[in-house]
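Below: one structure, written as structure tokens.
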Amino acid sequence: MAPSQPPADRRNFRVAIICALPREADAVTLLFDQFWDEVRDPYGRADGDTNTYITGRIGDHNIVLAVLPNMGTNSAAAATASLRSSYVGLRLALLVGICGGVPYIGGSHAFLGDVVVSKSITQYDYGRLYPGHFAVKNTVEDSLARANRDIRGLLAVFETELMRERLQAEASGHLNHLQKVARDKRRRANYRYPGTTEDRLYSSDHVHKHWDSCDLCADGSGAFCEAASKASCADTKCGSADLVVREHHARDDDFRPEIYIGRIGSGNTVMKSGEERDQIAAQHNLIAFEMEGAGAWDEVPCIVVKGLCDYADSHKNKAWQDFAAATAASVAKAILGRYAAHDGDRASNQPNDQRPLSGRSVANNSFGNNTLINQGDVGGNLTY
Ligand SMILES: [Zn+2]
Ligand SMILES: [Zn+2]
């Protein structure tokens with residue numbers, strides 16, 4: 001039975017959701033079943049923590065939702081360390097939002113609105129630059145240990161066909177609910193499926209630029225002007241001859257996000273080159289690119305759950321961001337529905353007998369066998 005009473009204090013929260021952007025958090029909050037902070041914030045925060053939180057319940061789980069102040073892995077690491085200092089009982093964090101997708105995953109086409117789930121994370125831009133060759137010094141999964149046993153078990157189940165079907169069906173139900181609630185609340189964000197004809201993948205060597213009447217874009221370097229970077233592909237006249245022809249899995253009136261589980265690339269810069277995307281994805285076996293996972297993983301065992309809003313190439317636009325945020329939030333809720341609450345979690349109006357913990361002891365007690373960097377390592381530094 002789901003808890004209907006707010007937990008007594010912060011120690012009773014086991015699950016955090018972290019969003020990098022307000023628009024990502026907006027989608028997530030539409031799927032909360034209850035809020036605990038409707039009238040006032042009953043939980044506060046630890047000394048030195050500058051994050052602001054939203055608290056409530058999704059299904060059986062009390063949830064603390066944090067929105068990062070800035071994008072990037074370092075910001076994510078610092079904010080997540082603060083989150084952990086305030087919420088010492090956390091066992092799982094979901095990093096929920098939007099990302100750039102790799103268009104071919106495991107031999108099939110991935111489409112905008114599909115959702116990637118991290119089995120591991122590679123910080124692909126952390127390493128040494130050699131002439132003509134960038135060597136990634138290490139992968140997060142190597143340096144920070146694998147996801148803890150709890151998370152590994154959860155993800156292993158999702159890799160079965162049966163559970164992925166269930167997850168997809170549950171996520172589709174949550175997506176329909178989210179869209180309805182957003183309409184009822186007259187939210188400004190539009191969570192409707194933009195349509196298969198709006199989902200355009202250009203061949204990776206086709207760059208986004210003004211293809212007519214622009215001297216800056218026509219200089220042959222492949223660079224494009226500031227105005228082109230803000231213009232849509234229709235306005236820049238990106239050629240339809242360079243579109244990749246694909247058979248879409250969706251109908252416009254029935255989009256069910258495909259869910260891909262694999263290794264996600266995390267970096268401090270936005271990936272916006274089709275050729276670089278393909279090269280780095282092939283080199284590290286990546287299914288998507290995002291900017292916070294490595295930093296958050298540094299501090300809390302987390303699962304990245306992100307919706308594809310573009311193909312990490314130069315043809316970026318914002319048209320898919322709200323919908324991708326909505327599909328990610330829906331899959332996140334479906335995952336939480338399958339994440340078993342621990343004994344004692346549900347009796348959330350009772351303080352548990354866990355003593356307040358701090359520093360490394362928090363990591364050891366709360367996160368089982370996962371090896372974590374201690375509080376002194378805040379700032380995203382990976383240690384080897
Ligand atoms: Zn131009
Ligand atoms: Zn374009």
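The values are calculated or read from the model by the stated rules, or taken from the named source; none is laboratory data. Keep in mind the model is a prediction, meaning the values are calculated, not measured. Backbone-built Cβ (ideal geometry, glycine too); neighbour counts: all protein chains shown. Areas reflect the complete protein model, heavy atoms only, side chains present, ligands, DNA and RNA absent. Shrake-Rupley method; radii C 1.70, N 1.55, O 1.52, S 1.80 Å.
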Cα centre as origin, Lys/Arg/Asp/Glu Cβ charges: the range 1-84 dipole, Debye: 200
Accessible heavy-atom area order of His208, His284, His177, highest first, probe of 1.4 Å: His177, His284, His208
Protein-only accessible surface order, largest first, of Asp212, Asp313 at 1.4 Å: Asp212, Asp313
Euclidean distance between Cα centres, the range 39-99 to the range 183-240, Å: 34
Heavy atoms of Tyr104 accessible to a 1.4 Å probe, total area in Å² rounded to 10: 110
Heavy-atom SASA rank of Val67, Val96 (probe 1.4 Å, accessible area, largest first): Val67, Val96
Above-threshold pairs, the threshold being 32 Å between Cα atoms, out of Lys185/Lys230; Lys237/Lys306; Lys119/Lys230: Lys119/Lys230
With all protein chains modelled, accessible area of Met71 [1.4 Å, Å²]: 100
Asp125 accessible area, 1.4 Å probe, all protein chains in place, Å² to nearest 10: 50
